[in-house]
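K.L.:
Below is a structure I'd like to ask you about.
The values are calculated or read from the model by the stated rules, or taken from the named source; none is laboratory data. Not measured: the values here are computed from a predicted model. Cβ placement follows ideal geometry from the backbone for every residue including glycine, while neighbour counts extend to all protein chains displayed. These area figures cover heavy atoms from the full protein model, side chains too; ligands, DNA and RNA do not enter into them. Shrake-Rupley method; radii C 1.70, N 1.55, O 1.52, S 1.80 Å.
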Amino acid sequence: MLTRLDHFNLHFSLGEHDFRVSNIVLERFERSIPQHSHSKNSYEIHYIPIGYGKAVIGGASYEVVPNTLFVTGPFIEHSQMPDPVDPMCEYCIYLKTGRGSSHGPSAEKDLAKSFLSKNFWFGQDTQEIYPLMKQLFFELEHHYTGYSILAEILLKQLKKEDIGFCDIGVIEAETSPEWMRWAEGSNGMFLWT
């Protein structure tokens, strides 16, 4: 199963940096992904909600288990091999970064700087980003009115959560406004509360 979403022009700013989302993929790995790397200013956020496998990143081998999250940045060689019995399923967000012209709040500048300072991170999701990924994918799949605004908010929230468990010290109050809360609806979708 492979679902690739790339029929959108999605971008957002954090501080002085622009982030362009080239594509978002949801894939159940039935094949290995050969070793590859990405160009300057390119990042992938990999989140595995279910399944097992192995990732080889920068020559080191890592076990992939449910709730594994890792980021691969520019020129970081990586490959992935699924477990044959219970293969991993992955959300992958491909981002290109660049300098923008806007000057956002200092918390956003710090967030962007923290993210861009790490070309690689591997660990377990401790911030429960699965709901964010599901909602982001839903918005980009259906294109309901306002989807791009919601997608931008979800991506910024994801960046906050992504950085939060990397022990980089994000200022919570400025990057997570009170109105941004989630509650699971009866249909499994996540709504603003």
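K.L.:
Could you look through segment 87-103, keep only residues that are open to solvent by 50 Å² or more (accessible area, probe 1.4 Å) and charged (D, E, K, R), and pick out the one that is farthest from P74 (Cα to Cα)?
P.N.:
R99
K.L.:
Further question on the same structure: Only one of these is assigned to a strand (DSSP E or B) and more than 24 Å from E128 (Cα to Cα): P49, P34. Name it.
P.N.:
Exactly one residue qualifies, and that residue is P34.
K.L.:
Tally time: how many residues in segment 47-66 are surrounded by fewer than 16 Cβ atoms within 10 Å (Cβ to Cβ), touching a residue at least 60 places away in the same chain (Cβ under 8 Å) and more than 17 Å from Q35 (Cβ to Cβ)?
P.N.:
0
K.L.:
Moving on. Looking only at segment 49-60, decide whether some residue is under 21 Å from R20 (Cβ atoms) and either of a type in the set (D, E) or in contact with a His (Cβ under 6 Å, 6 or more places away or on another chain) (or both).
P.N.:
Looking for residues that are under 21 Å from R20 (Cβ atoms) and either of a type in the set (D, E) or in contact with a His (Cβ under 6 Å, 6 or more places away or on another chain) (or both), one finds none in segment 49-60, hence no.
K.L.:
Which residue is surrounded by the most Cβ atoms within 10 Å (Cβ to Cβ), if the candidates are limited to segment 1-20 and must be among the hydrophobic types (A, V, I, L, M, F, W, C) and under 26 Å from Y52 (Cα atoms)?
P.N.:
L5
K.L.:
Open to solvent by 30 Å² or more (accessible area, probe 1.4 Å), at pLDDT 95 or above and part of a strand (DSSP E or B), is that true of Q80?
P.N.:
It is false that Q80 is open to solvent by 30 Å² or more (accessible area, probe 1.4 Å), at pLDDT 95 or above and part of a strand (DSSP E or B).
K.L.:
Something else about it: Restricting the search to segment 104-121, which residues are part of a strand (DSSP E or B) and surrounded by 18 or more Cβ atoms within 10 Å (Cβ to Cβ)?
P.N.:
W121, the sole residue that qualifies.
K.L.:
Of all residues being over 17 Å from the mean Cα position of the chain (by Cα) and open to solvent by less than 30 Å² (accessible area, probe 1.4 Å) in segment 21-46, which is farthest from V65 (Cα to Cα)? Just the residue, please.
P.N.:
Here the answer is I33.
K.L.:
Moving on. Just one of E172, E141, E152, E161 is open to solvent by 30 Å² or more (accessible area, probe 1.4 Å) and modelled with pLDDT under 80; which is it?
P.N.:
E172
K.L.:
Starting from segment 18-32, take each residue that is modelled with pLDDT of 90 or more and list its partners that are open to solvent by less than 50 Å² (accessible area, probe 1.4 Å) and part of a loop (DSSP other than H, G, I, E, B), counting only C-beta distances under 6 angstrom and pairs at least six apart or across chains.
P.N.:
Between residues of segment 18-32 that are modelled with pLDDT of 90 or more and residues that are open to solvent by less than 50 Å² (accessible area, probe 1.4 Å) and part of a loop (DSSP other than H, G, I, E, B), the close pairs are F29/M88.
K.L.:
Still on this structure, please answer the following. Provide a single number: the residues in segment 132-142 that are over 12 Å from L158 (Cα atoms), free of Cβ contacts under 8 Å to residues at least 60 places away in the same chain and of a type outside the set (D, E).
P.N.:
Qualifying residue count for the region: 2.
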